[in-house]
Amino acid sequence: MTLQKVILYLLIVLLSLGLICLVFPKDGLSVFGLQITMPTLEEIFSFSSSEYADVERVVATSEQKPSVSQSDSTKESSVVSFEYESGLKERFDRLFSRLERAKAQEDLVRIVHYGDSQIEADRITGTVRKDLQKNFGGRGQGWISLFSRSTIRGVSFHYSPNWEFCCVLEPKKGLNRYGTGLSSIKALADSVSQTASVEMAFATKPSGNLVLYCSSPETEGRVFISNGQNVVSEVNIEASSSVQQVIVPSDSFGKVLKLQATSGVELYGMDIASNSGVIVDNISLRGSSGWGINRSNASVLQYFYSELGADMIIMQFGVNAIPQEKDKVIEDYTFYKKEFAKQLRFLQTMAPEALIVVVGVSDRSIRKSGKYVTNPNVLKLRQAQKQAALENGCVFWDLFEAMGGENSMPGWVLREEPLANKDFIHFNEKGATMVAEMFLKAFYKEYKRYKDDLNMRKIQ
């Protein structure tokens, strides 16, 4: 074949492909269940470089680990600070004062971290917990829900079929008695067995005693605790809507713990915590936008926040409030602001002493003209979250800004050592650790402000 014929052949192929791209449906075609798409001419001939955020600057700054003692880590201009009205300064100071007492083994400070799949399996939370416990004492994973649609780090569950699963994400009439984890399980009558059972398998045997929280509102019940082979404890649960505590000694089981309950008994969860220091609970509500918490039974939730403590509540939601369709833009997020504000006010009523920190939505990308760009809904949602927080006496921490701002997610995903997954939504383990460390730097910056104020008062 001559050179002229080769060139002519290539031109015909290119022109044919161009014509197909021109007339091909923008959203693609579905053929036998297979979705076929073609790039647009704009995407093909777009040679301009993507203007992604300078993530390497963010990464370089993050190489310096958070520290409560090294002032350099809190003086960096790149640290994204907490935003709050001046009246909350006193609330911060009370929290830090208690942290000082916790460090001296004279107090226990509890932080409850609620979030969507970004924090699932203890991501982000685990790093925050480890660092705070290193600096202020304490040990233990904190709250373990007995039912969750999210993965719980270090434990797996096997249930008998006769349980009623209750969760704020899937509300059921009359079944809204939840623990700190915003879920519970209720034993049902069964013709096969007189009890419902759940077996927990721990990756590592928990250190310290466990506390099981339960009740039996309708009739007297019983709970049996075994090590997977032998019953080690049998507890009567009185007929009352009041929550009852059952101590499970650490030396009574190994890596397997089996709970059995008679019909009508409600199990809310377990707590693994020291008597002093800091406890940080990881409560992931996969798929949630942060709504529905106010549908919880108020008296039950108040009990848990009072009994276990809730000195700080972190609310980290947002990515699920953005439409899956890349071309769908919500013009006004006022509806989200109003509904999210309801949740914040409800939590303030349930835990009046708690400092509530809203972590703003992270960047999320869509592909447009061959580039990954920030979904336009992100900016509107971020503003709605900030307004809901600041207008209702809460703290706002801008994760979007901290990770680099607009068009930052592509930088997290496409770098040589990725910090986020290729869905351009979720952080990977390394990225989650970095987010936690950025949050800790903001927290320690506020803590340093508190210490400096104390020193100034001493000098005066």
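The values are calculated or read from the model by the stated rules, or taken from the named source; none is laboratory data. For clarity, every value in this text was computed on a predicted model and none was experimentally measured. Ideal geometry is used to build each Cβ from the backbone, glycine not excepted, and the neighbour counts take in all protein chains shown. Surface areas here come from the heavy atoms of the whole protein model, side chains and all, with no ligands, DNA or RNA. Shrake-Rupley method; radii C 1.70, N 1.55, O 1.52, S 1.80 Å.
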Hey, does segment 78-89 have a residue that's under 24 Å from the mean Cα position of the chain (by Cα), among the small types (Gly, Ala, Ser) and within 25 Å of residue 292 (Cβ to Cβ)? no
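Where in segment 45-115 are there helices (runs of 4 or more DSSP H), lying wholly inside it, with at least 1 residues that are open to solvent by less than 70 Å² (accessible area, probe 1.4 Å) and modelled with pLDDT under 95?
Details: elements: 55-62, 72-75, 89-103.
Fully inside segment 45-115 and qualifying: 55-62, 72-75.
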Among the candidates 164, 199, 170, residue that is more than 27 Å from residue 68 (Cβ to Cβ) and under 21 Å from the mean Cα position of the chain (by Cα): 170
Inspect all residues belonging to segment 416-424 and state whether any of them is part of a helix (DSSP H, G or I) and open to solvent by less than 10 Å² (accessible area, probe 1.4 Å). no
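Listed residues 378, 373, 358; which is buried (at least 23 other Cβ atoms within 10 Å of the Cβ), among the hydrophobic types (A, V, I, L, M, F, W, C) and part of a strand (DSSP E or B)?
Values: 378 fails: part of a strand (DSSP E or B); 373 fails: buried (at least 23 other Cβ atoms within 10 Å of the Cβ).
Result of the check over 378, 373, 358: 358.
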Residue satisfying condition, being touching a Gly at 6+ places or on another chain (Cβ under 9 Å), touching a residue at least 24 places away in the same chain (Cβ under 8 Å), crowded, with 18+ Cβ neighbours inside 10 Å and on the phi > 0 side of the Ramachandran plot, within set 404, 393: 404
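Identify, please: which residue in segment 414-460 is touching a Gly at 6+ places or on another chain (Cβ under 9 Å) and of a type outside the set (S, T, N, Q) and is, among those, nearest to residue 101 (Cα to Cα)?
Filtering segment 414-460 down to residues touching a Gly at 6+ places or on another chain (Cβ under 9 Å) leaves 418-421, 432-433, 436.
Keeping just the survivors that are of a type outside the set (S, T, N, Q) gives 418-420, 432, 436.
Details: 418: 39, 419: 36, 420: 37, 432: 29, 436: 24 Å.
So, considering only residues that are touching a Gly at 6+ places or on another chain (Cβ under 9 Å) and of a type outside the set (S, T, N, Q), the one nearest to residue 101 (Cα to Cα) is 436.
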Can you tell me which residue is nearest to residue 267 (Cα to Cα) among those in segment 190-216 that are touching a His at 6+ places or on another chain (Cβ under 8 Å) and surrounded by fewer than 19 Cβ atoms within 10 Å (Cβ to Cβ)? 199
One residue is enough: does segment 236-244 have a residue meeting the conditions under 28 Å from the mean Cα position of the chain (by Cα) and either open to solvent by less than 40 Å² (accessible area, probe 1.4 Å) or not hydrophobic (A, V, I, L, M, F, W, C) (or both)? yes
